[in-house]
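Report on the following structure.
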Amino acid sequence: MSGETTPVANDTEHEAELAENVYFGNFHVHTSYSFDALTNGANTTPADAYRWAKGEAIPAAAAAGVMQIKRPLDFYAVSDHSEYLGVFKKMQDPEHPASKLPIAKEILSKDKKVAFDAYARVLDTMTPGMEDPALADPAIMKPIWQEVIRTADEYYEPGKFTTFPAFEWTSTPAMRNLHRVVVFENSVGVPELPFSTNESEDPQDLWKYMDRARANGATLLAITHNGNASDGLMFPTATADGEPLSAEYIEARIANEPLYEVSQIKGTSETHPSLSPNDEFAGFELWDYLLAASTAAVPEHKKGGYARQAYLDGLSMAAEGRLNPYKFGLIGDSDTHNAAASVEEDNHTGKFGFEATPQKRLDGPLPGDEVNNRRVREFSSGGLAAVWAPENTREAIYAALMRKETYATSGTRMKLRFFGGWNFNENTPGNHNWVEQAYRDGVPMGGELPAAEAGKKPVFLISAMKDNAGANLDRIQVVKGWIENGEQREAIFDVALSDGRSVGDDGKVPPVGNTVDPDTATYTNDIGDSQLSAVWTDENFQLNQHAFYYVRVLEIPTPRWSTHDAKALGRKPREDLPVSIQERGWSSPIWYTPEAKYFAEAVVAEQ
């Protein structure tokens with residue numbers, strides 16, 4: 001469906017700050033200070049991670065040369081696992097107290113079986129009540145955490161490069177992923193220790209920790225990720241006993257978790273073909289596993305594990321007169337465990353240290369262990385968080401995160417704008433001062449449409465520009481979800497198409513084409529457009545229906561990292577992996593909540 005411009009007369013003011021710049025970076029980054037990074041080959045430090053993000057070369061694992069990003073990032077946060085933070089790494093220092101611990105000799109053993117068995121025993125202690133008191137000794141942990149905070153402060157260059165103190169809380173009940181990355185705006189009031197799953201696997205206890213930190217002067221938020229590996233636990237609609245989520249739970253989740261990391265190395269979790277069977281692009285870079293290292297166990301439940309379904313479930317709760325816990329914005333991120341967020345397909349360095357070479361990534365790091373080798377091959381490259389902010393500072397970027405003026409990409413640096421409103425009149429992307437007018441007359445991505453009069457329909461302004469060093473654009477789509485007569489509905493609208501294509505009578509769009517040469521791992525920009533824009537009106541809008549809208553932008557096909565690795569080895573691409581992918585971006589949604597008078601009318605009508 002193409003966009004239309006509908007003049008609207010009323011004037012609604014919006015208080016959003018004019019965010020003139022987009023900044024790209026990562027918040028989900030591990031180094032050897034994470035227990036599972038060190039034991040899987042990493043030897044990098046938090047300082048190495050910040051140096052890499054600024055464009056410096058750092059050593060790769062296993063004497064595999066260096067890792068260096070082609071274009072520096074704007075912001076970076078090292079978020080190592082809080083469980084036994086840095087203790088394994090400090091065992092390498094004979095002067096550090098951690099090196100004197102009884103298990104240190106086994107962890108550092110040259111015999112891989114001895115080291116792995118010791119590591120497995122440590123994993124067994126990472127549940128509430130099972131903590132190893134020696135490894136979690138505050139006398140060891142506190143100085144390491146303070147070092148992590150201090151390093152973030154030392155590498156912060158306001159206006160040029162922004163860092164944040166952070167950690168990852170690693171709740172994994174029955175190998176189901178409930179992890180959260182916790183990001184502090186600055187080092188003021190940061191607790192003496194991060195919160196770990198040794199204390200609790202319940203997110204509500206993490207939120208209580210966050211409240212205590214705020215009472216101490218800290219400013220912080222949590223970012224969920226990898227619902228695809230949660231077996232439906234990430235976005236619940238009821239308690240484990242089948243009871244409705246409490247208002248206390250929902251309010252705490254809303255207050256603490258404004259964002260979801262929708263695309264990263266362990267796959268993309270926008271939606272799944274089984275949840276969105278009519279979405280031809282729903283199968284992008286899926287990673288359909290639980291976190292058990294010894295099996296290829298897959299999640300039984302997709303519902304509760306993907307962003308779009310969570311948005312729909314949130315609308316259903318709102319339509320029942322309850323709070324919506326799932327009004328979260330979107331970012332992309334990495335989850336690297338070697339300090340270097342592997343966001344460039346043609347500069348891929350893997351997730352773990354043991355993936356340091358193309359051969360290890362394609363053939364698998366563990367000879368004879370095809371279960372885990374396949375999981376590694378199916379890793380994606382890292383994604384990026386894109387943030388609209390007036391300047392590159394902690395305060396400005398953090399404020400943008402809280403208001404959800406963010407979008408996710410699968411690693412590309414496309415520029416994406418998305419506004420919704422009732423009174424844009426003749427404002428269109430590309431007009432003089434169109435962005436300033438859009439802020440004045442509407443809301444940006446992450447916002448809520450204000451109330452409107454009967455007969456009005458929402459209008460959306462969308463602009464997408466290709467990555468300056470990347471591929472042309474294929475299309476812009478608007479994804480809409482809504483509640484109709486108590487039922488969840490979703491639809492996808494192709495609102496801007498490259499190369500003069502149009503939507504056919506059957507609702508389908510001809511493919512943009514594919515210029516990828518598998519043998520050379522190259523492509524050309526002979527297809528697609530460098531910029532697309534749309535003014536789209538939702539002609540099917542109903543004032544009494546809860547709804548959300550977000551934008552998805554697709555690039556033309558480009559070689560996947562595995563195709564680049566195959567070329568480096570002089571091989572043909574593997575037949576069990578895609579030769580090319582369509583990199584993409586996802587905006588944070590814009591929501592619509594009916595006014596009470598319209599909502600009441602809808603409830604009466606349904607009865």
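The values are calculated or read from the model by the stated rules, or taken from the named source; none is laboratory data. These numbers come from a predicted model, not from an experiment. Here the Cβ is made from the backbone with ideal geometry for all residues, glycine too, and neighbour counts use every protein chain on show.
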Could you check, for region 526-534, whether at least one of its residues is part of a loop (DSSP other than H, G, I, E, B), surrounded by 14 or more Cβ atoms within 10 Å (Cβ to Cβ) and out of contact with any Asp or Glu (no Cβ under 7 Å at 6 or more places or on another chain)? yes
When region 109-139 is examined, which residues are found to be closer than 30 Å to residue 190 by Cβ and over 32 Å from the mean Cα position of the chain (by Cα)? 133, 134, 137, 139
The residue that is nearest to the chain's Cα centre (by Cα), considering only those in region 262-283 that are buried (at least 22 other Cβ atoms within 10 Å of the Cβ) and under 13 Å from residue 310 (Cα atoms), is 262
List pairs: first in region 294-319 and aromatic (Phe, Trp, Tyr), second not in a loop (DSSP other than H, G, I, E, B), Cβ under 7 Å, 6+ apart or cross-chain? 306/227; 306/228; 311/481; 311/548
Kindly indicate whether any position in region 468-485 is surrounded by 14 or more Cβ atoms within 10 Å (Cβ to Cβ) and more than 23 Å from residue 271 (Cβ to Cβ). yes
Sort out for me the strands (runs of 3 or more DSSP E) sitting completely within region 433-515 that have 3 or more residues that are farther than 22 Å from residue 417 by Cβ. 473-484, 487-497
Between 19, 53, 60, which is among the hydrophobic types (A, V, I, L, M, F, W, C), within 18 Å of residue 163 (Cα to Cα) and either in contact with a helix residue (DSSP H, G or I) (Cβ under 9 Å, 6 or more places away or on another chain) or outside the structural domain of residue 168 (by TED's automatic domain parsing) (or both)? 53
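Conditions tested, residue by residue: (1) of a type in the set (Lys, Arg); (2) in contact (Cβ under 8 Å) with a residue 12 or more places away in the chain; (3) surrounded by fewer than 18 Cβ atoms within 10 Å (Cβ to Cβ); (4) not assigned by TED's automatic domain parsing to the domain that holds residue 381.
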position	(1), (2), (3), (4)
506	no, no, yes, yes
513	no, yes, yes, yes
518	no, yes, yes, yes
524	no, no, yes, yes
571	yes, yes, yes, yes
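Does residue 583 fit the bill of being under 19 Å from the mean Cα position of the chain (by Cα), of a type in the set (Asp, Glu) and either at pLDDT 95 or above or within 18 Å of residue 286 (Cα to Cα) (or both)?
Criteria met by residue 583.
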Given the conditions (1) in a loop (DSSP other than H, G, I, E, B); (2) over 20 Å from residue 37 (Cα atoms); (3) not basic (Lys, Arg), and given that residue 382 satisfies all but one, which numbered condition is not satisfied? (2)
Looking only at region 176-198, count how many residues are of a type in the set (Asp, Glu) and either surrounded by 19 or more Cβ atoms within 10 Å (Cβ to Cβ) or within 21 Å of the chain's Cα centre (by Cα) (or both). 1
Among the residues of region 428-454, write down those that are touching a helix residue (DSSP H, G or I) at 6+ places or on another chain (Cβ under 7 Å) and surrounded by fewer than 22 Cβ atoms within 10 Å (Cβ to Cβ). 428
Would you please list the contacts, defined by Cβ atoms under 6 Å and residues six or more apart or on different chains, that run from a residue in region 92-103 that is small (Gly, Ala, Ser) to a residue that is in a helix (DSSP H, G or I) and crowded, with 18+ Cβ neighbours inside 10 Å? 98/87; 98/90; 98/140
When you scan region 352-362, do you find a residue that is polar (S, T, N, Q), in contact with a Lys or Arg (Cβ under 6 Å, 6 or more places away or on another chain), touching a residue at least 24 places away in the same chain (Cβ under 8 Å) and crowded, with 17+ Cβ neighbours inside 10 Å, even just one? no
Of the residues 575, 539, 555, only one is more than 25 Å from residue 456 (Cβ to Cβ), acidic (Asp, Glu) and surrounded by fewer than 16 Cβ atoms within 10 Å (Cβ to Cβ); which? 575
Members of region 194-218 found to be under 28 Å from residue 155 (Cα atoms) and in contact (Cβ under 8 Å) with a residue 60 or more places away in the chain, listed by number: 194, 195, 196
Subset of region 221-242 [modelled with pLDDT under 95 and of a type in the set (Gly, Ala, Ser)]: 240, 242
Within region 118-141, how many residues are exposed (fewer than 14 other Cβ atoms within 10 Å of the Cβ) and either assigned to a helix (DSSP H, G or I) or outside the structural domain of residue 394 (by TED's automatic domain parsing) (or both)? 5
